[in-house]
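> Shown below is the structure under consideration.
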């Protein structure tokens, strides 16, 4: 059953400017592995994290690095969640994540679908990318709160 759907769009140049002007913003938004990726890929991953929060109903207290976009065995993007994000997903009954990323014309987009059984709190499954390890977080890309529960 679909528990939630989220979508987000990020202007690639705007994210790049925010990362250039705010010291260690990349470290607060992205995992170590993500930080080595090209800007268009970072923008798509940032959009995925925002879309994930929307799919969860935008609960407060999520840490940015507790959600990571990784390449699955077949090369498709998967979400790897831990800590605050895994806890919020478990409370909502999320067992699987579906994520789609795209970029074109200076914008990156992401759609996230949270699948599971509502009201069934439990350990998120690893299929589809739920489960793993994470870190600390921040507010929005320019230091301003996104309004989506990220800290």
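The values are calculated or read from the model by the stated rules, or taken from the named source; none is laboratory data. What you see is a predicted model, and the numbers here were worked out from it, not measured in a lab. Cβ atoms come from the backbone with ideal geometry, glycine included; neighbour counts cover every protein chain shown.
> Which one of the conditions (1) surrounded by fewer than 14 Cβ atoms within 10 Å (Cβ to Cβ); (2) over 25 Å from residue 105 (Cβ atoms) does residue 84 fail to meet, given that it meets all the rest?
For residue 84, the failing item is (1).
> Anything in region 98-107 that is surrounded by fewer than 20 Cβ atoms within 10 Å (Cβ to Cβ) and part of a strand (DSSP E or B)? List them, or say none.
Our first condition is that a residue be surrounded by fewer than 20 Cβ atoms within 10 Å (Cβ to Cβ); within region 98-107, this holds for 98, 100, 102-107.
Selection gives 98, 100, 102, 103, 104, 107.
> Would you confirm whether or not region 50-63 contains a residue that is more than 17 Å from residue 113 (Cβ to Cβ), surrounded by 17 or more Cβ atoms within 10 Å (Cβ to Cβ) and modelled with pLDDT of 95 or more?
no
> Follow-up question, since we're still on this one. When the residues of region 1-21 are filtered to those that are touching a strand residue (DSSP E or B) at 6+ places or on another chain (Cβ under 9 Å) and not in a strand (DSSP E or B), which remaining residue is nearest to residue 91 (Cα to Cα)? Even if it seems obvious, please write down each step before you answer.
Let us first name the residues in region 1-21 that are touching a strand residue (DSSP E or B) at 6+ places or on another chain (Cβ under 9 Å), namely 1-12, 15.
Then drop every residue that is not not in a strand (DSSP E or B), which leaves 1, 12, 15.
Details: 1: 15, 12: 33, 15: 31 Å.
Only one residue fits best here, namely 1.
> Now a separate question. Could you tell me which residue of region 108-123 is modelled with the lowest pLDDT, considering only residues that are touching a helix residue (DSSP H, G or I) at 6+ places or on another chain (Cβ under 8 Å) and farther than 16 Å from residue 49 by Cβ? I'd like the intermediate steps shown before the answer.
In the first step, residues of region 108-123 are kept if they are touching a helix residue (DSSP H, G or I) at 6+ places or on another chain (Cβ under 8 Å); the result is 108-116, 118, 121-123.
From what is left, the residues that are farther than 16 Å from residue 49 by Cβ are 115-116, 118, 121-123.
On the way: 115: 97, 116: 95, 118: 79, 121: 61, 122: 52, 123: 48.
The extreme case among them is 123.
> Considering only helices (runs of 4 or more DSSP H) fully contained in region 22-97, which possess at least 3 residues that are under 21 Å from residue 5 (Cβ atoms)? Spell out how you get there, then give the answer.
Working: elements: 25-29, 32-35, 39-55, 83-92.
It comes to 39-55, 83-92.
> Within region 75-107, work out how many residues are at pLDDT below 95 and under 23 Å from residue 13 (Cβ atoms).
0
> Mind listing whichever residues of region 28-45 are surrounded by 19 or more Cβ atoms within 10 Å (Cβ to Cβ) and without any contact (Cβ under 8 Å) to a residue 24 or more places away in the chain?
none
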